[in-house]
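Enquirer: Got a structure for you, written out below as structure tokens; questions coming shortly.
No lab work stands behind these numbers, since they all come straight from the coordinates. Predicted model only: the values in this text are computed from it and were never measured. Cβ: placed from backbone, ideal geometry, glycine included. Neighbour counts: every protein chain shown.
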There are 2 protein chains.
Amino acid sequence: MPPAAAAEPTHPAADRIELAAVLAALGHPARLEIVRRLAAGEESCCGDVVPDLPRSSVTHHIRTLRESGVILQHPRGRKHLLALRRTDLDARFPGLLDVVLRAG
Amino acid sequence: MPPAAAAEPTHPAADRIELAAVLAALGHPARLEIVRRLAAGEESCCGDVVPDLPRSSVTHHIRTLRESGVILQHPRGRKHLLALRRTDLDARFPGLLDVVLRAG
């Protein structure tokens, strides 16, 4: 029997992304760092984006970012790939991501 | 003996305002509403900005906004006046407040 693939995580639809939830998700230094790293590259594998934090913290921060609509989390075998929802965020809150990334 | 004046609340210096703390402070519907009301007017008296919440919640939200550097809280007798730190925020995180207020 092959190893079980990771479950497909749920994401809010683009038009259900809430401003307060996005701001709260961005409002933590580790999550800001994850978002900056994803903005700089294309996609990243879960553990790679914030290598200097314990695995459980990374998992929590990734979930917060995903559930608020800031990132997508795609299963890839037994791992997950992460990607910033730049198009969705830019459409819903024009300029927000740019301002936050510039403010670093 | 006259009634005691409210204690002077502490505020972060403009150059110590942190992006993550500001985003976290803005990341709540009630606090976003307070910020929008302050942005629309000049100054407001504490209880007036979010009249539909219990006093203890308002106090908590006001403190979160003040301690992150989003608002100023001035004692005025036994009450407090509130004001958005628009100049400080615009200088430190250009465009952030405008984007958030527009995104409402």
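Enquirer: If you plug each phi of the stretch B:28-39 into the Karplus form 6.51 cos²θ - 1.76 cosθ + 1.60 with θ = phi - 60°, what whole-Hz ³J(HN,Hα) values come out, in order, with x for Gly and Pro?
Expert: With coefficients 6.51, -1.76 and 1.60, one gets 8, x, 5, 6, 4, 5, 4, 5, 5, 5, 5, 5 Hz.
Enquirer: Tabulate in residue order the Karplus-calculated ³J(HN,Hα) for the stretch B:61-72, using 6.51 cos²θ - 1.76 cosθ + 1.60 with θ = phi - 60°, rounded to whole Hz; enter x for Gly and Pro.
Expert: Here the 3J(HN,Hα) series is 5, 4, 5, 4, 5, 5, 5, 7, x, 7, 10, 9 Hz.
Enquirer: In nm, one decimal, shortest first: how far is the label point of A:Arg78 (7 Å from Cα along Cα to beta carbon) from the matching points in the other copies?
Expert: Ordered by increasing distance: 6.7 nm.
Enquirer: Using a Förster distance of 45 angstrom, determine the FRET efficiency expected from the C-beta separation of A:Arg102 and B:Asp52, and round it to 0.05.
Expert: On the way: r = 35 Å, r/R0 = 0.78.
It comes out at approximately 0.80.
Enquirer: For the residue pair B:Arg37 and A:Ala40, what label-to-label distance in nm results when each label sits 7 Å from Cα along the Cα-to-beta-carbon direction?
Expert: 4.2
Enquirer: Residues with amide H under 5 Å of A:His80's amide H, sequence separation 5 or more or different chain, H placed in the peptide plane at 1.01 Å from N; which?
Expert: A:Cys46
Enquirer: Take the stretch A:14-102, drop everything but the C-alpha atoms, weight them equally and run the Debye formula without solvent; then report log10 I(q)/I(0) at 0.11, 0.16, 0.21 Å⁻¹ to two decimals.
Expert: Once normalised to I(0) and log-transformed, intensities are -0.26, -0.57, -0.99.
Enquirer: Shortest first, in nm, what separates the label point of B:Arg102 from those of the same position in the other copies (7 Å along Cα→Cβ)?
Expert: Reported distances to equivalent positions: 1.0 nm.
Enquirer: Could I ask something else about it? What are the label-to-label distances in nm, one decimal and shortest first, from B:Arg55 to the same spot in the other copies, with labels 7 Å along Cα to Cβ?
Expert: So the distances to the same position in the other copies read 5.0 nm.
Enquirer: Moving to a separate point now. Let me confirm one metric for peptide B:83-96, namely the mean number of other chain beta-carbon atoms within 10 Å of its residues' beta-carbons.
Expert: Numbers: counts 0, 0, 0, 0, 0, 0, 0, 0, 0, 1, 5, 3, 7, 7.
The per-residue average across the peptide is 2.
Enquirer: If I model a spin label at B:Asp15 and B:Lys79 as a point 7 Å from the Cα along the Cα→Cβ vector, what separation in nanometres do I get?
Expert: Modelled inter-label distance: 3.6 nm.
Enquirer: While we're on this one: Per-residue Cβ counts within 10 Å, from other chains only, averaged over B:30-37: what number is that? Before the final figure, lay out the partial values.
Expert: Numbers: counts 1, 3, 3, 1, 0, 0, 0, 0.
Partner-chain Cβ atoms within 10 Å, mean over residues of B:30-37: 1.
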